[in-house]
Structures are given as C-alpha cells and as structure tokens.
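Data block below; observations after.
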Amino acid sequence: MAKIDEQDILKRIQDPQSKRRAFEEIVNVYSRQLYWKIHYVVQNHDDTDDVLQNTFIKAWRGLDNFKGDSAIFTWLYRIAYNESITFLKQRKQMTSIDDEDFVEQANFVADEYFDGDNTQELLMQAVSTLPAKQKQVFCMKYFEDKKYEEISDLVGTSVGALKASYHIAVEKITNFIKSKE
Amino acid sequence: MIMSTKNNRILAPEGGRYPFKVSDEYFDSLTARIMEQIDSVEQEISEKNEEVPAQSTKLFDIHKNRRRNLWISTISIAASLVLIATVALKFIPMPSSTPVEQQKAETNVQYTPENYNEDLMNYTMVDNVDVYYYLSSEDFGE
C-alpha cells in the first residue's frame, strides 16, 4: 500500500484549490484496500463496486467535517462499513427473504470473480452465514492475518471482544462445513 | 487452507487466501471513475443551489414581508386600544357609583322595629285594619 502524508493531505483538504486533488490521492491510495473490506461483507463484485463508489461520495461530502481525529483509512473504513450494512439491509428487503435462505442460494462458483476450488467455495458459503461484523473480523484475521490490535483500531471494538467474535465465527464456520460433509 | 475434519481442524491455523480476484484494469480505472462520479454529484449540487436560492429568496421575502406586516398590524391595534383606554379614563366623567352599587346601597337599609313592621306589612299586603281585626277576632281570643 502506498503511504500518504496525512498531515499534508489534511492541509490540502482545507484549501478549496487543492481539495479535489488531495481527495483524488486518497481515492487512489485507499480504494483497493477498501474494496476488499467491503467485499468481505457484500461478497459480490458489482455490489462492492457500488458500495465503494457510495463510500467515496459520502466521504467527499463529509470531507469538510473530517478534522483528522482518526487516520484517514479508519474514517473511510467506517463509512464503508456503514454503507455495506445499509446495502445488505436494502438487498434483504429487495429479496424479501431472510438472510439464511439467501445464503443457502449463494453460488460462488458461478461468480466470475471467484478464484477458488470447492473447499474454498464451501468456506465462503460458511463465511456468508456470519453476521456482518463477524465476517469482517474473521476475514481480516484469517485472510489478512491482521493483529487484533490493528483490527481493534479499525473497527473500534476491544481486543477481547474481537477475540471472542473470531472464536465464535470459527466455531460457526467449522459447524457449517462439518454439516456439509 | 482447510484441513481435514479427521484431524478435528477445519481451518488452517496459518490462515488462507481470499478466493476472489479482480483485474488490475478495474483498479487502474477506479480512481478516475470515482472522481467522475464526484464531479457529477458536485455539479448536481451546484445546479440545485443555483436554482433554489433564486426561488427561496423570493419566497423568503414574501414570507418575511407578510410576517412583518402582521406584526406591525398587531402592534398598531394594541397601541390604539391602549391609547383609547387611556383617553377614556382621563376625559370621560365616570359616575360616582354604578347602578348595581346603588341597588346594593338601597338594600343595605338599617332596619328598626318600626320600619321593619311597615315593610313586612307591605310585603304581605295587610294594613293596620287587618291587624286589629285579626287581634280582636273571637278565634284569637279563644
């Protein structure tokens, strides 16, 4: 990941002349990371793309209120997470079936962006049964091997709660996979 | 990534690879697309802002004038009433007492045994002759 000078970016954001250019740099540096964080929750490329664009539009609109109290990525991540949750709620309303039924029909092999075998598909199906926050915690820990402290800073949850959340997620996934074997 | 259930372990302890991929072209064009979106959103907002103030200023002025006129009318009426009341109190001679007070004064007559009997007789419509007749009747003597 390319690094940016946050103090410099913050200064340039305040100036209307350099605001757009500074934001473009933010998008350029963080969009890839943010894409995968959103994908962990919505698990579909097209939906992730929509949520990602909405995230940056929201960030742009709220840019004047961002005073650098948190890291830029943390701020963006929280917007993205909220947007993902909003999206999931809308999708649930549109399908008018409960989450469980929806998950049962998930077919990752048919997804052109899926790049795994049957066992990985089974794992992803298991992951898709988790609540959004558990999905995030599990994916960041399992696929990114992030430290709990890093995840804690990002999601704003205590390390203890994250450990418990991850433990529960692993248990659920294990039971799901065992039930399919 | 996923270990055999025979070993009672489903997930690999070292983690795994996230099984999705997206082409580099997607990410290469992503920033430009997002900035384009932001520009169009900004344009929409500025167009709306240009339209809205023209109307809203007009409406605001109308409402402002109406409200101001209403306030002026209310204050004028209140001031007039106060003025009329003040003049009336100063220049219109007030009666020493109202008819009701006079009536009260009349009813507050101090009764003596004489005027009490007179009033009583008037009220019962009897006169002295009736009283003498009654007192001298045989029935009364018995």
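Assorted remarks:
- Peptide B:68-74 is shielded by partner chain Cβ atoms: per residue, an average of 0 of them sit within 10 Å of its Cβ.
- Residue exposure sequence - A:L154, A:L123 - by fewest surrounding Cβ within 10 Å: A:L154, A:L123
- Of the DSSP H helices in chain A, those whose Cα atoms cover at least 30 Å axially and whose Kyte score averages -0.5 or more: A:72-95, A:159-180
- Dipole moment magnitude, nearest 20 debye, the range A:1-96 about Cα centre, only Lys, Arg, Asp, Glu C-beta charged: 180 debye
- Efficiency of FRET between A:V109 and A:K180 - r from beta-carbon atoms, R0 22 angstrom, step 0.05: 0.95
- Subset of A:K89/A:K147; A:K3/A:K89; A:K19/A:K163 violating a 31 Å alpha-carbon distance limit: A:K3/A:K89; A:K19/A:K163
- Per-peptide average of other Cβ atoms within 10 Å, ordering A:43-51, A:173-181 highest first: A:43-51, A:173-181
- Each peptide in A:158-166, A:9-17 was scored by the mean count of other Cβ atoms within 10 Å over its residues; highest first, the order is A:158-166, A:9-17.
- Listed residues A:H39, A:C139, A:L154: farthest to the positive end of the dipole of chain A (Cβ charges): A:L154
- Cβ-placed point charges (K, R +1; D, E -1), dipole of chain A about Cα centre in debye, nearest 20: 700 debye
- Placed amide H near B:F20: partners under 5 Å, 5+ positions off or other chain: A:D115
- Highest average packing first - A:130-137, A:62-69, Cβ atoms within 10 Å: A:130-137, A:62-69
- Ranked A:V27, B:V87, criterion: other C-beta atoms within 10 Å, fewest first: B:V87, A:V27
- Shielding by partners for peptide A:115-128, expressed as the average number of C-beta atoms from other protein chains within 10 Å of each residue's C-beta, is 3.
- Shielding value for A:21-29 is 3, the average number of Cβ atoms from other chains within 10 Å of each residue's Cβ.
- Taken along the Cα-to-beta-carbon direction at a fixed 7 Å, the label points for B:N49 and A:D64 span 0.7 nm.
- Taking 7 Å steps out from each Cα toward its Cβ at B:Q37 and B:E14 produces label points 3.7 nm apart.
- 5 angstrom amide H check on B:L11, placed H, neighbours 5+ away: B:M3
- A:F143 long-range amide H proximity, modeled H, under 5 Å: B:G16
None of the figures in this text is laboratory data; all of them are computed from the coordinates on show. Small disclaimer: the values here were computed from a predicted structure and weren't measured. Cβ sites come from the backbone with ideal geometry, for glycine too, and all protein chains shown count toward neighbours.
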